[in-house]
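The values are calculated or read from the model by the stated rules, or taken from the named source; none is laboratory data. This structure is a prediction, so every number in the text was calculated from the model and none was measured. Every residue, glycine among them, receives a Cβ derived from its backbone with ideal geometry; neighbour counts consider all protein chains shown. Just so you know, the surface numbers come from the protein's heavy atoms only, side chains and all, with ligands and any DNA or RNA stripped out. Shrake-Rupley method; radii C 1.70, N 1.55, O 1.52, S 1.80 Å.
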Amino acid sequence: MFVNVSPFRICIDSKKTFSELSSDISHSSRDMLKHQKYSYNNILEDIRLVLPSTPILYNIVLSYQVTKANNVSNYNYETRWAFNGNCNEDIEIQLYDLDDTGELNLAFDYKTEKYTSTDIENIKTRLLYIANQVLNEDKTIKNIKIVTEDEEKTILNDFNNTILEYDKNTSIIEIFEKQVSKTPNNPALTFHNTTLTYSELNEKVNSLKYEIQKNITHKNSIIPIISNRSLEVIIGILAILKSGCAYLPIDPDYPKERIDYILKTSNPEILLIQNSLKNNINFEKTIEIDLKNKFYLNNKENSSCNISLDNLSYLIFTSGSTGVPKGVKLTHKNYLNFYNAMKQKAKYLNNGSKFSMISITTISFDIFGFETIISLLSGMHVFMTDNFEQKNTLSIEKIIKENNISCIQTTPSVMKFHLENLKDISSFSNLKYFILAGEQLPKELVQKIKKISPHATIYNGYGPSETTIFSTFTDVTNEKEISIGKGIGNTKIYILNNDLNLLPTNTIGEIYISGDGVGTGYLNRSDLTKKEFILNPFEEGIMYKTGDLGLFSNERKIIL
């Protein structure tokens with residue numbers, strides 16, 4: 001048997017029809033024959049002279065056998081494959097008609113450590129589904145579906161069954177005020193040695209709200225807030241929301257050029273700023289949010305907010321691939337849906353007055369809103385670290401231990417750093433909930449947390465800023481393979497190819513997100529908004545193109 005593997009390149013233009021692609025491949029394969037003396041083995045040997053550790057260059061074989069066994073003699077007989085039980089490649093797909101019956105047969109030889117019988121059955125079903133499509137109609141490549149009709153129904157209706165009913169005639173501000181009425185004397189916010197009860201916090205928020213309203217010409221304005229980590233930053237955010245405006249958090253540690261760019265782009269009427277930072281910022285109309293200001297003594301009562309769910313709630317500036325900051329616009333509807341969805345996912349939020357949260361996330365990172373605003377809406381006690389404590393493991397240990405704190409949220413890399421620098425393991429061992437987000441979560445880190453705090457629940461949150469903090473949120477405490485779960489309430493996740501076609505389970509593609517959490521685009525960037533916030537091909541509305549890669553596992557969870 002003489003077999004020579006000769007590689008050739010196929011360029012697939014998704015705008016071409018299947019017959020055009022077939023013709024291109026036919027011509028390319030004939031042109032390839034003039035190079036067949038420089039075989040696959042020669043190429044691999046030459047590559048390994050430069051890169052010795054290079055593995056094989058392919059692990060899938062599609063073999064079409066053209067031999068016709070019935071031409072051998074006039075005797076009646078039948079032929080069959082005699083498989084020897086071994087494969088060089090992970091999977092070999094044999095296409096043949098040895099007995100010249102006019103029917104093509106498919107045989108699959110595969111490594112059982114790579115594929116299950118279910119995987120092979122799925123591959124066979126999809127290949128036949130593709131064949132039926134192109135034989136009945138000369139479709140363009142981009143219109144050929146890989147996912148069968150049954151699979152499509154499962155992915156769209158079962159995997160993405162995230163319907164969550166909630167009261168759309170309220171707002172997060174009304175939810176906060178109801179929490180104040182429910183637990184007025186409970187501690188809400190602590191910074192250093194100062195604690196504000198829910199009633200005291202609400203009074204200061206109301207006073208600042210009136211001051212803001214005196215200085216703006218219309219609601220739905222964007223109001224930046226520049227503050228070091230303090231009580232003031234939370235008071236400022238809630239007051240902006242109560243005034244019917246959208247808050248824009250700016251870290252005072254940002255380079256001056258970035259702060260200037262954000263202020264110029266957002267073009268605000270006023271700026272909320274701590275007194276100690278005022279000399280560093282060149283802005284004409286400011287409100288100082290120092291706690292010593294006299295306006296905190298007046299106008300402490302609640303008043304009607306009349307907030308529309310379509311109004312902006314906050315603006316987050318995030319760097320794009322070019323490094324130029326872009327402002328993501330999120331509405332009150334986005335925020336309200338997120339709050340209700342998280343109550344469904346993070347069970348401790350339903351009994352918040354029994355739990356406390358330490359805040360160590362920078363104010364300009366959207367997950368800061370989860371550990372502070374969402375915690376306060378749920379009745380929790382939030383402990384705010386200062387700019388030094390935020391990054392200092394010993395300080396965090398001390399605050400957690402002395403206050404018997406329940407919950408901590410941060411990125412996996414920051415958590416890894418703190419765990420490696422712990423002096424007193426018992427401080428973290430009493431934590432009940434670890435929320436990790438913003439980066440891919442390594443399984444090794446989950447195991448380390450479980451070793452230090454064996455009774456804790458570990459959550460993994462995923463979501464770009466464009467889709468309101470988290471789009472997926474799941475308990476990974478006992479997961480064998482770390483996933484990001486499935487979409488939170490009213491959030492659908494699609495794994496698509498470049499032509500926006502659904503991809504099967506266990507197939508890597510780009511993650512797209514739709515639902516009540518998707519923002520309204522980028523501030524003053526209609527070009528970028530049009531590119532990344534696109535029409536949803538599966539239902540009404542828009543979906544966000546994340547640029548992240550993932551897959552649906554057989555357990556209906558998403559793996560990054």
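Straight distance only, please: which lysines reach the Cα of Lys219 with their own Cα at less than 16 Å, same-chain residues fewer than 8 apart left out?
Lys209, Lys242, Lys329
Can you give the local net charge around Thr286? Use residues other than it whose beta-carbon is closer than 12 angstrom to its beta-carbon, Lys and Arg +1, Asp and Glu -1.
Numbers: positive: Lys278, Lys285; negative: Glu211, Glu269, Glu284, Glu288, Asp290.
With Lys, Arg at +1 and Asp, Glu at -1, the net is -3.
Using heavy-atom solvent-accessible surface (probe 1.4 Å) with all chains present, what is the largest-first order of Tyr58, Tyr254? Could you put the intermediate results ahead of the total?
Working: Tyr58 70, Tyr254 50 Å².
Largest to smallest exposure gives the sequence Tyr58, Tyr254.
Quick one: what are the phi-derived ³J(HN,Hα) couplings along the range 361-376, Karplus 6.51/-1.76/1.60 with θ = phi - 60°, whole Hz, x for glycine and proline?
Going residue by residue, I get 8, 4, 5, 8, 9, 4, 5, 4, x, 6, 6, 10, 5, 5, 4, 5 Hz, with x marking Gly and Pro.
How large is ³J(HN,Hα) for each residue in the range 310-319, as worked out from phi by the Karplus curve 6.51 cos²θ - 1.76 cosθ + 1.60 (θ = phi - 60°), to whole Hz, x for Gly and Pro?
Couplings: 7, 5, 5, 9, 7, 10, 10, 8, 10, 6 Hz.
If the only charges are +1 at each Lys and Arg Cβ and -1 at each Asp and Glu Cβ, what is the size of the charge dipole of the chain around the Cα centre, to the nearest 20 debye?
1660
Under a 1.4 Å probe, what is the accessible area of the chain per residue, stated in Å²? Working shown, then result.
Values: 28660 Å² over 560 residues.
Dividing the accessible area of the chain by its residue count gives 51 Å².
Out of the total accessible area of the chain (probe 1.4 Å, heavy atoms of protein only), what percent is carbon and sulfur? Display every interim value, and only then the final one.
On the way: 14000 of 28660 Å².
Reported share for carbon and sulfur atoms: 49 percent.
Can you check what the net charge comes to around Phe533, using other residues whose Cβ is under 11 Å from the Cβ of Phe533 (Lys, Arg +1; Asp, Glu -1)? The partial results should precede the final answer.
On the way: positive: Lys329, Arg525, Lys530, Lys531, Lys545; negative: Glu466, Glu532.
Value of the local net charge: +3.
Please turn the phi angles of the range 141-157 into ³J(HN,Hα) values with the Karplus equation 6.51 cos²θ - 1.76 cosθ + 1.60 (θ = phi - 60°), one per residue in order, whole Hz, x for glycine and proline.
4, 5, 9, 7, 8, 8, 7, 6, 4, 5, 4, 4, 4, 5, 5, 6, 9
How large is the charge dipole for the range 72-172, taken about the Cα centre, if only the Cβ atoms of Lys, Arg (+1) and Asp, Glu (-1) carry charge, to the nearest 20 debye? Mind dumping the intermediate values first?
Details: 10 positive and 21 negative charges, 60 e Å.
With Lys and Arg at +1 and Asp and Glu at -1, about 300 debye.
Any idea which of Ile511, Gln344, Ile559 is furthest toward the positive side of the dipole for the chain, if Lys and Arg beta-carbons carry +1 and Asp and Glu beta-carbons -1?
Checking the options against the dipole of the chain, the answer is Gln344.
In the set [x] 1.21; [y] 1.02; [z] 0.95, which value of Cα Rg over 2.2 N^0.38 Å was calculated from the structure you see?
Matching entry in [x] 1.21; [y] 1.02; [z] 0.95: [x].
Could you check the simple spin-label distance between Glu78 and Leu422, using points 7 Å along Cα→Cβ, in nm with one decimal?
Placing both labels 7 Å along Cα→Cβ, they lie 6.6 nm apart.
For the pair His192 and Glu149, what calculated FRET efficiency results from E = 1/(1 + (r/R0)^6), where r is the Cβ-Cβ distance and R0 = 60 Å, to the nearest 0.05?
Working: r = 61 Å, r/R0 = 1.02.
Between Glu149 and His192 the formula returns 0.45.
Roughly how many nanometres apart are two label points built 7 Å out from the Cα toward the Cβ at Glu402 and Glu439?
Those two pseudo-labels are separated by 2.8 nm.
Which residue, chosen from Cys245, Thr148, Ile172, occupies the Cα position most advanced towards the positive end of the dipole of the range 129-247, where the dipole is computed from +1 (Lys, Arg) and -1 (Asp, Glu) charges on Cβ about the Cα centre?
The residue sitting farthest along the positive end of the dipole is Cys245.
From the cross-link list Lys448/Lys486; Lys182/Lys294; Lys153/Lys486; Lys391/Lys423; Lys111/Lys557; Lys354/Lys486, which pairs have alpha carbons spaced over 18 Å apart? Intermediate values should be presented prior to the final figure.
On the way: Lys448/Lys486 24 Å; Lys182/Lys294 28 Å; Lys153/Lys486 16 Å; Lys391/Lys423 15 Å; Lys111/Lys557 25 Å; Lys354/Lys486 28 Å.
Beyond 18 Å: Lys448/Lys486; Lys182/Lys294; Lys111/Lys557; Lys354/Lys486.
Estimate the FRET efficiency between Asn4 and Ile559 by the formula 1/(1 + (r/R0)^6), using the beta-carbon distance for r and 41 Å for R0, to the nearest 0.05. Walk me through the numbers on the way to the answer.
Working: r = 39 Å, r/R0 = 0.94.
So, using R0 = 41 Å, E works out to roughly 0.60.
Give me, ordered by chain and number, the residues 5 or more places off Lys492 or on other chains with an amide H under 5 Å from its own placed amide H.
Ser514, Gly515
To the nearest 20 debye, what is the magnitude of the charge dipole of the range 20-72 about its Cα centre, counting +1 on the Cβ of each Lys and Arg and -1 on the Cβ of each Asp and Glu? Mind showing how you got there, number by number?
Numbers: 5 positive and 5 negative charges, 47 e Å.
Here the size comes out at about 220 debye.
Can you find, among Ile435, Gly489, Pro454, the residue sitting farthest towards the positive end of the charge dipole of the range 429-521, where Lys and Arg contribute +1 and Asp and Glu -1 at Cβ?
Of the listed residues, the answer is Pro454.
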